[in-house]
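In what follows, a single structure is set out as structure tokens and then discussed.
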Amino acid sequence: MTRTTGGSPKARIVGAELRKAREAYGIGVRELARRLGMDHSKLSRCESGRTVATPEFAASVLAAVGVPEAERERVIELARGAERANWMSPGVPGVHHELTTLIEFEKTARQITEVSPFVISGLLQTADYARALMSAGVGAPPSDLETRVTLRIGRRDVLTRKKGPRFTFLVLETALRTAIGGLEVMADQLRRILSMSEWPSVTVQVIPADLDVWHPALLGSYILFEFPKADPIVHLEQYASAVFLYEQEQTDAYRSATDTLRELAMSPAESGELIAKVAEEMESRT
């Protein structure tokens, strides 16, 4: 079954942009609805993404709020194709619309599950590890590096928020042993994972590298977002683009893959022991 109406990744982000613009100008939902001559419930549905905001509707909302024309054009362009189930966002992963989208989904999710065979999750990264990753990235201006690092590190605050999401990180053992940034940076990163895994909202499980069976993590990383009142979304980060999946057949496949990986992974306690062991090995070599 394919959904082509409200609730799609792009519809939710366009709605979030409209909500942020309204709140930035200190205008209430009912007041803005009055200015637009419409029922406030329709405006609320558009802001939540349950109803697709067309480019024309987005333009009228932003004009009524008083958003400058240059900023209006950015959101209007984003609203094109918002009714489509899936969304490919070209450009540098981790910046612009993709980052805004991830932050919005992290704030509104009930459960976030990230699978990674190669690197540590952005929600668990230290500043030095994130900096080492981003320094070797594609396309982003070096002048933006520290801003991007700060934004990434700030994202972890969602995990300590009251009624925030639960976060499960399923990581291939190989990622723990790849010393991105050097042994000292990586050992510190592993210690940070151990510390954050003690938070009530965080679960870390390692997928052993010596499994003699094929498993879904070997095909690449993904993030599964599950929401209290909306259908799941899957995020795939590629070398020079990002994809958000919403079609039910696709999200169901990733949910099934996640169940498989949970069964193959070590328990949280066993995972902690392995992470500590790898950290000690790296520290002994520095």
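The values are calculated or read from the model by the stated rules, or taken from the named source; none is laboratory data. Only a predicted model underlies this, so the values are computations on that prediction, with no experimental measurement involved. Heads up, the Cβs are rebuilt from the backbone with ideal geometry, glycines too, and the neighbour counts pull from every protein chain shown.
Identify the residue in the stretch 56-105 that is among the β-branched types (Val, Ile, Thr) and within 19 Å of the chain's Cα centre (by Cα) and, among all such residues, is modelled with the lowest pLDDT.
Filtering the stretch 56-105 for residues that are among the β-branched types (Val, Ile, Thr) and within 19 Å of the chain's Cα centre (by Cα), the one modelled with the lowest pLDDT comes out as Val92.
Can you tell me which residue is surrounded by the most Cβ atoms within 10 Å (Cβ to Cβ) among those in the stretch 209-238 that are in contact with a Pro (Cβ under 8 Å, 6 or more places away or on another chain) and over 16 Å from Thr113 (Cβ atoms)?
As a first pass, look at the stretch 209-238 and keep what is in contact with a Pro (Cβ under 8 Å, 6 or more places away or on another chain): 217-218, 220-221, 224-226, 233, 237-238.
Now drop any that are not over 16 Å from Thr113 (Cβ atoms), which leaves 218, 238.
Details: Leu218: 11, Gln238: 13.
In this case the residue turns out to be Gln238.
Return yes or no: is Thr150 surrounded by 14 or more Cβ atoms within 10 Å (Cβ to Cβ) and either of a type in the set (Ser, Thr, Tyr) or assigned to a loop (DSSP other than H, G, I, E, B) (or both)?
no
Going by the conditions given, is Ser256 hydroxyl-bearing (Ser, Thr, Tyr) and closer than 27 Å to Leu133 by Cα?
Details: hydroxyl-bearing (Ser, Thr, Tyr): yes; closer than 27 Å to Leu133 by Cα: no.
No, not satisfied.
Inside the stretch 28-41, can you point out the residues that are over 28 Å from the mean Cα position of the chain (by Cα) and among the aliphatic types (A, V, I, L, M)?
Leu32, Ala33, Leu36, Met38
Could you grab me the full set of residues in the stretch 36-66 that are crowded, with 21+ Cβ neighbours inside 10 Å and part of a loop (DSSP other than H, G, I, E, B)?
Gly49, Val52, Ala53
Output the residue which, of all residues in the stretch 162-182 that are over 16 Å from the mean Cα position of the chain (by Cα) and in a loop (DSSP other than H, G, I, E, B), is surrounded by the fewest Cβ atoms within 10 Å (Cβ to Cβ).
In this case the residue turns out to be Lys162.
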